Amino acid sequence: MSKPIIFIACDTTSTKKVRKIIKESQNSKIKFGYKFGLEFLNSKNGRKFIYSLKNKITFGDYKLADIPNTCASTIKAVKDLKLNYITIHISSGLKAIQAAKKVAGSIKLIGVTILTSLDKKSLKEIGFNKEIKKLVLHQAKLAARAKLDAIVCSPHEIKIVRKVFKKEIITPGIRFANEKKGDQKRVMSPKQAIQNGATALVMGRSIIVGNIKNNIKKLIKELN
Ligand code: C5P
């Protein structure tokens, strides 16, 4: 099995901060990638910055949730950024994820299942009455059917997803022991998530808030 990638969520509008994150995460012990979410992607200089990045593993967290034509057109519109990964919500429907996959080319298309910020109660509020694990399993099957390249789920669902999805499994909802969950609900430690079979983790605040170098040292210590 290849070394898991740790995607640092560059959740900021500041290119200066992203430069700092990249600089301080250069090391030989961990394979880092950089995830850009809606905050950075929509910031004034975000797009230009990503365009200028060289030799980095990049992840555009667009979380597309739209009709097939719009999902496909959006992917075409951002192809010049040469991102390695792009996300789409599986709840956009089978037709939409198939249409997106059709135009993605060498970009790995990641299907997002149920957000890690949702729990049973919050899902019920939006009319989802199925158990979380069952919902995620259902969506993972759909992702396999559409031949997506990766799935995003919480670390708690990795084992169940693995039964039906053989490619990459990427998990946000990562927290060090005793760390605040914040708005995340279904969380796990980095070590445990990798032991459960995650091929990549997404870590935001645990790395980028406070002293980045020290946070990375803590991660290296936990994983090695
Ligand atoms: O700071 P934290 O580690 O909670 O950040 C998690 C990152 O992963 C955020 O950028 C968030 O948008 C993203 N994400 C998530 N849950 C998903 C998909 C993506 O938290 N299901």
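The values are calculated or read from the model by the stated rules, or taken from the named source; none is laboratory data. Keep in mind that this is a model prediction, so the values were computed, not measured. Counting neighbours? That spans all protein chains shown, and the Cβs are built from the backbone with ideal geometry, glycine included. Just so you know, the surface numbers come from the protein's heavy atoms only, side chains and all, with ligands and any DNA or RNA stripped out. Shrake-Rupley method; radii C 1.70, N 1.55, O 1.52, S 1.80 Å.
Between Thr13 and Lys121, how many nm apart are label points set 7 Å from Cα along the C-beta direction?
3.2
Take the chain, connect every pair of alpha-carbon atoms lying under 10 Å apart with a spring to form a Gaussian network, then pick out the residue of Ala65, Ala77, Ala100 with the largest mean-square fluctuation.
Ala77
Do the sum for the chain: with -39,500 (n - 2.57) for every DSSP H run of n ≥ 4, divided by all residues, what is the mean residue ellipticity at 222 nm, to the nearest 500 deg cm²/dmol?
-10500 deg cm²/dmol
At 1.4 Å probe size, what's the solvent-accessible area of Lys217? Round to the nearest 10 Å².
140
Using a Förster distance of 22 angstrom, determine the FRET efficiency expected from the C-beta separation of Arg145 and Val103, and round it to 0.05. Intermediate values should be presented prior to the final figure.
Numbers: r = 18 Å, r/R0 = 0.80.
That gives a FRET efficiency of 0.80.
What order do Asp183, Asp61 take when sorted by accessible area (1.4 Å probe), most exposed first?
Reading off the accessible areas and sorting them downward yields Asp183, Asp61.
Got a number for carbon plus sulfur as a percent of the chain's accessible area, 1.4 Å probe?
C and S atoms contribute 53 percent here.
Please compute the per residue accessible area over the chain with all protein chains in place, 1.4 Å probe, rounded to a whole number of Å².
52
Taking the Cα centre of each part, how many Å lie between the range 69-85 and the range 1-18?
The range 69-85 and the range 1-18 have Cα centres separated by 20 Å.
Return the single residue from Ile158, Ile67, Ile208 with maximal mean-square fluctuation; model: Gaussian network over the chain, springs between Cα atoms under 10 Å.
Result for the chain, Cα springs under 10 Å: Ile67 fluctuates most.
Can you order the peptides 10-20, 88-98 by their average number of other Cβ atoms within 10 Å per residue, highest first?
Listed from highest to lowest mean packing, they are 88-98, 10-20.
Quick one: ranking Glu179, Glu131 by accessible area, 1.4 Å probe, largest first, what do you get?
Putting Glu179, Glu131 in descending order of accessible area: Glu131, Glu179.
Would you mind calculating the gained length between Asn45 and Lys130 on full extension (0.36 nm times residue separation, minus the Cα-Cα distance), in nm to one decimal?
Fully extending the segment from Asn45 to Lys130 adds 26.5 nm.
Quantify how much of the Cα-Cα distance distribution of the chain extends past 33 Å, in percent. Spell out each step's value before the answer.
On the way: 2939 of 24976 pairs.
Percent of Cα pairs beyond 33 Å in the chain: 12.
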